[in-house]
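Read the structure below first, then the notes.
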Amino acid sequence: MTALTLSEAMTIVIGNARKPGRAHSGLHRTRQPVLRGSLEAGTFEDSFFRVPGKGEADRLLKAVKAYAVEGKRAARAARAEGRPLDPAERAATTLTLGAVEVMERLLVYWRTCKGAVYPSYDKLAHDTGLGRATIARALKQLVAAGFLMCQRRFVRVEDAAPGPRRKQTSNAYCPVFAQKLVSALPRWMRPIPVPDDQLQREADRLTETATMLQSLNARDYAKAVVGGDLGAMLARLGAALDQHWERESQKNTPPLHESIKQAPSELA
C-alpha cells in the first residue's frame, strides 16, 4: 500500500466530495423528495379549505363548462380573423374535456366533504377513468384558468436515521370562481355574495387576531405565526431576544429623581 501524506489524502477527499451527483442528488435537504412550496399537512388547511354555499358547486361547474365552450368559440374566431389569442382566451382554449371532468369530480368532493378536498392522483384517476398524466394536465389547466387553488403538502415520516424526515403527500384543492369570468356570467351563475354580518365578523376576527399578535413577545409570536421546525427555531431566538431586552430595560431604569418627577403626573 502506498503511503499518503495528509495533504494528499485531503486532496482526494475534497475531490471526491466535489464530483457531480454526490453532494447534490436532487433531493430535499432532509433527504426526502419534497417539492418546492410544500406545506406540512395539518398546519394550514383550516384557513385554506372553504365550505361551499348552497348551490355554489353546481353554478361553478356550469361556469367551467361555459368557459370551455367559450374557449373553443374564441379559438375559431381567432383563426377566422387571423389574430393571436389574448391571455384570457388562451387559458380558455386549454381547458379540455378532461379538465371539466376532473373539476366535476373535485366539486363532488367539495360538496360531500364540506370543503376538505385533498384526493390523490390515484383517487382521481380511479373515479374519473382518466390516466395520471391527464389528471396532472387537467389540474394545471384549472389552476391556470383561475378555477382552482392548489397547495402541495408533505407529512413527517418516522425514520431510524438522525434528523427530520418528510414525504410528499396529496395536494389540497379549493375550487374558486375565476374573477376574470365573474363579470361576464349571467346573474344566476355568479357566486352568492357574502352577507354583511359575516363580513363584519371576519373583520372583527382579523382585528382581534392582530391585537393579540401585537401583545405577544418575540418567542410566542414566532410560535403562533410560523410554527413547525422554523417556528421552534425562531421561538428560541425570540426567547433570547426577550431576555436581552429585559436585561437592557433593567439596566436603563430612570434615576430616582426622575421617578419622583414622573410620579405626580402619573398620579394625576
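The condition of being free of Cβ contacts under 8 Å to residues at least 24 places away in the same chain, of a type outside the set (D, E, K, R), open to solvent by less than 40 Å² (accessible area, probe 1.4 Å) and over 30 Å from Arg156 (Cβ atoms) does not hold for Ala136.
The one condition from (1) surrounded by 14 or more Cβ atoms within 10 Å (Cβ to Cβ); (2) of a type outside the set (S, T, N, Q); (3) in contact (Cβ under 8 Å) with a residue 60 or more places away in the chain that Lys114 does not meet is (1). Of all the listed residues (Val100, Val51), the sole one being in contact with a Lys or Arg (Cβ under 9 Å, 6 or more places away or on another chain), under 27 Å from Glu202 (Cα atoms) and either among the β-branched types (Val, Ile, Thr) or at pLDDT below 85 (or both) is Val51.
Can Asp159 be described as modelled with pLDDT under 90, of a type in the set (Asp, Glu), surrounded by fewer than 17 Cβ atoms within 10 Å (Cβ to Cβ) and farther than 16 Å from Glu45 by Cα?
yes
Being of a type in the set (Asp, Glu) and surrounded by 15 or more Cβ atoms within 10 Å (Cβ to Cβ) is a condition met by at least one residue of the stretch 58-72.
For the stretch 139-152, what are the residues that are outside any loop (DSSP other than H, G, I, E, B) and open to solvent by less than 20 Å² (accessible area, probe 1.4 Å)? Scanning the stretch 139-152 gives Leu139, Leu142, Ala145, Leu148. Contact map, the stretch 33-56: first residue more than 12 Å from Trp110 (Cα to Cα), second residue open to solvent by 70 Å² or more (accessible area, probe 1.4 Å), Cβ cut-off under 7 Å, separation 6 or more or different chains; pairs are Pro33/Leu27; Leu35/Arg152; Gly37/Arg152; Ser38/Arg152. In the set Ala91, Ala99, Ala136, only one residue is of a type in the set (Gly, Ala, Ser), assigned to a helix (DSSP H, G or I) and under 16 Å from Leu60 (Cβ atoms); that residue is Ala99. Screening Glu202 on (1) surrounded by 10 or more Cβ atoms within 10 Å (Cβ to Cβ); (2) modelled with pLDDT under 75; (3) acidic (Asp, Glu) shows it passes everything except condition (2).
The values are calculated or read from the model by the stated rules, or taken from the named source; none is laboratory data. Since the structure is predicted, the reported quantities are computational estimates derived from the model, not experimental observations. Virtual Cβ from ideal backbone geometry, glycine too; neighbours counted across all protein chains shown. Just so you know, the surface numbers come from the protein's heavy atoms only, side chains and all, with ligands and any DNA or RNA stripped out. Shrake-Rupley method; radii C 1.70, N 1.55, O 1.52, S 1.80 Å.
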